[in-house]
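What follows is a short report on a single structure.
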Amino acid sequence: MTAWVPSEALGRRVLCGTEYATVRYVGSVPPTAGIWLGVEWDDPQRGKHDGTYEGTQYFKCRHPRGGSFIRPNKANFGVDFLTAVKDRYGLNDEQEVQHGTENTLVFGKKTVEFVGMDSIAEQQRQVQLNQLVDISVRECAVSHAGQKEEIGRTCANIRHINLSKNLISSWETVTAIASQVQNLETLNISENKMKFPSTSTSVSSVFSKLKILALNRTEITWTEVVLCAPGWPALEELYLTSNNITVLERPDNVLQSLKLLDLSDNQLLDGNQLHLIAHLPRLEQLILRNTGISSIHFPDAGFGCKTKMFPSLKRLAINDNKISQWSSINELDKLPSLRSLQCHNNPFMDTEKNPETLRQLIIAKISHLEVLNKSEILPAERKGAELDYRKIFGNDWLAAGGNWNPEKNKPSEEFLAAHPRYLLLCLKYGAPEEGELKGRQPLTLKNQLLTLTIKCPEKPEQKPVEKKLPESMTIQRVKGLLYRLLKIPGSELKLSYESSKLEGKEVELDNDLKPLQFYSIENGDCVLVRW
């Protein structure tokens, strides 16, 4: 007996036991008899080859051992949506009427049969299905919509659907299900590897009321998001985690009502990708955990000014990234509406060993922050952080040209680049008194100017430059100076120095918060800049 294979089986999602796969080939595999399915497993460890058998390649796999041949009777092609709903909620025929025993009632030794109980049970089923508002058929092997209009007749009140981890192969199937749900507000179709439209979709009313959409682990690209987005006119929350999204593009005239966007676990090409989504007018929450970004900057606004990007952004999560420069934290103060920040597990946090001091620095740098790493910032904590910041960097301010006399108070641009809020804090609390700064000077070293030569060894067209820098100047602020000279972001610069006392050796300047004197740099030494 030949096993049944559905039409258009190629590309369909199947379940074999507990393992998920995609059909890549249907046909014979000589010298064996009968029909085989060539499948690419979601878990490549389950496979045996790359689609090649005895020298003939029948299909291709991403992984060299991600494929197998299986017989059709081993593949579960799934069920329709309503069948899954009835099975999940115990409303199918078998569970409702078991061998007809519910149709009889025993009085003593006499059995009385109730006529018409089957039709009553069917009516009760319809009533119960029509009462369902929130439906979850996660991991129920749903692969297709079923009979046309059947869902709308049976489950008229659905508003929220969880269809995650099923056997949905295409966006068309999602649309076929959703088109029968008049008031759909929430849809989760995560963990379905499916095909999305490659051309712009025509605007329809299918998703006209959809507010929340989860497309995590669906292999969707940002281009496909933008192509589908005209059909989501009321969408407020969009979850796109773990989709290998690397580049973004400007979503013109779409996603205009979006309030939350989650791009976590996508390795974005660089922080500049964020500029392409920076003009979503209502975006209030942006989640960028583990996206590989190493820097954030808003080039349209100078220090102390507000950017026109992300005008409504209140909550930002940048945990688990590669941000190493405090300059990126300075940039966040340019966001006009930012109130909450999560930034755990970034290299810049390793520059300060005391977690309380680290928290104070962040609070002082971002003026309107109310919540940091899920902990509320009370007014007293903010005041203490800002007063301490004013003291900690007071000597640097003086060394950079700061002065208690307002007419002579002209700190260098390098200082202002590293501490954009410092002058505002002095206006708010007054300049730090001389007594406040005593004891903060190094005991054995004086704050003196170093004459250093700055070279770019890999860029011979860049002529060496001689600069006088205070030895208390931090590496971070040296990078700020170099940014102005070279127009290269500090996050991309790698600094080292060589000295006549260390002939043939380079010392890496690898801690942004340490001053030049920490590395024992002296007059006449040469700072080497690479990027």
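The values are calculated or read from the model by the stated rules, or taken from the named source; none is laboratory data. Predicted model only: the values in this text are computed from it and were never measured. Because the Cβ atoms are built from the backbone with ideal geometry, glycine has one as well, and the counts that use them run over all protein chains shown. For accessibility, only protein heavy atoms count, side chains too; no ligands or nucleic acids. Shrake-Rupley method; radii C 1.70, N 1.55, O 1.52, S 1.80 Å.
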* Would you mention how many residues in segment 494-525 are without any contact (Cβ under 8 Å) to a residue 24 or more places away in the chain and of a type in the set (Phe, Trp, Tyr)? => 2
* Asked: Out of segment 324-348, which residues are part of a loop (DSSP other than H, G, I, E, B), modelled with pLDDT of 95 or more and closer than 20 Å to Pro299 by Cβ?
  -> Asp333, Lys334, Leu335, Pro336, Ser337, Leu338
* Asked: Does Lys306 satisfy being open to solvent by 10 Å² or more (accessible area, probe 1.4 Å) and under 19 Å from Ile366 (Cβ atoms)?
  -> yes
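Whether any residue in segment 58-66 is assigned to a strand (DSSP E or B) and not acidic (Asp, Glu) is what I want to check. It would help to see each step written out before you state the result.
As a first pass, look at segment 58-66 and keep what is assigned to a strand (DSSP E or B): none.
There is no residue in segment 58-66 that is assigned to a strand (DSSP E or B) and not acidic (Asp, Glu).
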* Determine, yes or no, whether Ser205 is free of Cβ contacts under 8 Å to residues at least 12 places away in the same chain and open to solvent by 50 Å² or more (accessible area, probe 1.4 Å). => yes
* **From Thr223, Thr246, Thr199, residue being β-branched (Val, Ile, Thr) and either within 25 Å of Cys140 (Cβ to Cβ) or in contact with a helix residue (DSSP H, G or I) (Cβ under 7 Å, 6 or more places away or on another chain) (or both)** => Thr199
* His344 vs. criteria within 18 Å of Tyr422 (Cβ to Cβ) and surrounded by fewer than 19 Cβ atoms within 10 Å (Cβ to Cβ) -> no
* Asked: Considering only residues of segment 129-138 that are surrounded by fewer than 15 Cβ atoms within 10 Å (Cβ to Cβ) and either in contact with a Ser or Thr (Cβ under 9 Å, 6 or more places away or on another chain) or not in a loop (DSSP other than H, G, I, E, B) (or both), which is modelled with the highest pLDDT?
  -> Asp134
* All positions within segment 486-516 that are farther than 18 Å from Ile323 by Cβ and either in contact with a Pro (Cβ under 9 Å, 6 or more places away or on another chain) or surrounded by 15 or more Cβ atoms within 10 Å (Cβ to Cβ) (or both) -> Leu486, Ser496, Tyr497, Glu498, Ser499, Val507, Leu509, Pro515, Leu516
* Select from segment 1-20 the residues that are hydrophobic (A, V, I, L, M, F, W, C), touching a residue at least 24 places away in the same chain (Cβ under 8 Å) and within 19 Å of Thr173 (Cβ to Cβ) and list them in ascending order. => Val5, Ala9, Val14, Leu15
* Asked: Which one is modelled with the highest pLDDT among residues in segment 435-447 that are out of contact with any helix residue (DSSP H, G or I) (no Cβ under 9 Å at 6 or more places or on another chain), open to solvent by 70 Å² or more (accessible area, probe 1.4 Å) and not hydroxyl-bearing (Ser, Thr, Tyr)?
  -> Lys438
* Asked: Among the candidates Ile212, Ile220, which residue alone is in contact (Cβ under 8 Å) with a residue 24 or more places away in the chain, open to solvent by 30 Å² or more (accessible area, probe 1.4 Å) and aliphatic (A, V, I, L, M)?
  -> Ile212
* Asked: Do we find that Ala417 is under 31 Å from the mean Cα position of the chain (by Cα), under 18 Å from Leu437 (Cα atoms) and in a helix (DSSP H, G or I) in this structure?
  -> no
* To do: Considering each residue of segment 386-403, count those that are under 17 Å from Gly430 (Cβ atoms) and either in a helix (DSSP H, G or I) or in contact (Cβ under 8 Å) with a residue 40 or more places away in the chain (or both), and give that number.
  => 11
* **Some residue of segment 7-24 being open to solvent by less than 50 Å² (accessible area, probe 1.4 Å) and more than 17 Å from Lys193 (Cα to Cα)** => no
* Got a number for residues in segment 322-341 being out of contact with any helix residue (DSSP H, G or I) (no Cβ under 8 Å at 6 or more places or on another chain) and open to solvent by less than 10 Å² (accessible area, probe 1.4 Å)? -> 1
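One line per residue, one yes/no per condition, for (1) at pLDDT below 95; (2) of a type in the set (S, T, N, Q):
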| position | (1), (2) |
| --- | --- |
| Gln182 | yes, yes |
| Thr186 | no, yes |
| Ser200 | yes, yes |
| Thr218 | no, yes |
| Thr223 | no, yes |
| Ala234 | no, no |
* Structure fact -> Those residues of segment 356-377 which are closer than 16 Å to Tyr422 by Cα, surrounded by fewer than 21 Cβ atoms within 10 Å (Cβ to Cβ) and polar (S, T, N, Q) amount to Ser367
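Matching residues to (1) at pLDDT below 90; (2) open to solvent by 60 Å² or more (accessible area, probe 1.4 Å); (3) part of a strand (DSSP E or B); (4) out of contact with any His (no Cβ under 6 Å at 6 or more places or on another chain):
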position	(1), (2), (3), (4)
Pro30	no, yes, no, yes
Ser68	no, no, yes, yes
Ala84	no, no, no, yes
Gly90	yes, no, no, yes
His99	yes, yes, no, yes
Leu105	yes, yes, yes, yes
Val115	yes, yes, no, yes
* Structure fact -> Expected single match for open to solvent by 30 Å² or more (accessible area, probe 1.4 Å) and assigned to a helix (DSSP H, G or I) among Lys383, Lys353, Lys410 is Lys383
